[in-house]
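Here is the structure we will look at.
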Amino acid sequence: MPRITGGELNRRKLKSPKGMNVRPTPGRVKESLFSILLPRIEGASVLDLFAGTGAIGFEAVSRGAARVVCVEGHRDTAAAIEEAARDLGVSGALSVVAAPVDRALYRVEGPFDIVYMDPPYADDVPLQAFRLLRERALLAPDAVVIYEHAAKRILPDVPGYRPVREEVYGDVALAFFSPQT
């Protein structure tokens, strides 16, 4: 069961539906990610794509994000995120869109300061999602888009973005991008 690693909700556990294949981001990766994001998180608007348990979104709310939208394509998993938001008392700051990412990006309203993408590692790089973020003007001017992937994956160029940082934690890597203007 994933656990929130910092902020107001520190140490609270998150449930996921039984039998679901969710791959929560390891705790040490979340801690490192939010150490990197520390100067940006307070009051930020955050979009958590391929949310799974919603751990990144809950972590963002716990650490001071003003608004978090979690997008999860599996309805039971999305319902579990909504239930956890109610149980943790953060449903005013965290909302859930139960739809595949490419469809959900037509339904959400930006701009977002931070976007976190954590698709299944076996999937191709979600270039369509990167494209829609820009086309739909969902990114704030100084936004950062973080893509979690298997460390062994070689990332292609992502049109419209420039890589600004990459961190590797064992088998997990985080690639940080900024939109090009």
Sole residue being of a type outside the set (Lys, Arg) and either assigned to a strand (DSSP E or B) or modelled with pLDDT of 95 or more (or both), chosen from VAL90, VAL108 = VAL108
Restricting the range 118-157 to residues that are at pLDDT 95 or above and in a loop (DSSP other than H, G, I, E, B), which is surrounded by the fewest Cβ atoms within 10 Å (Cβ to Cβ)?
-> ALA137
Within the range 26-63, the count of residues that are farther than 26 Å from ASP124 by Cα, at pLDDT below 95 and assigned to a loop (DSSP other than H, G, I, E, B) comes to 1
Leading residue by the ranking (surrounded by the fewest Cβ atoms within 10 Å (Cβ to Cβ)) among those in the range 34-67 that are touching a Leu at 6+ places or on another chain (Cβ under 8 Å) and of a type in the set (Ser, Thr, Tyr) | SER62
Listed by first then second residue, the pairs whose first member lies in the range 51-66 and is farther than 17 Å from ALA80 by Cβ, whose partner is among the hydroxyl-bearing types (Ser, Thr, Tyr), with beta carbons under 9 Å and at least 6 positions apart or on separate chains, are ALA60/TYR116; SER62/THR5; ALA65/SER45; ALA66/SER45
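The values are calculated or read from the model by the stated rules, or taken from the named source; none is laboratory data. Please read these numbers as outputs of a predicted model, since none were measured by experiment. Note: ideal-geometry Cβ built from the backbone for every residue, glycine included; neighbour counts use all protein chains shown.
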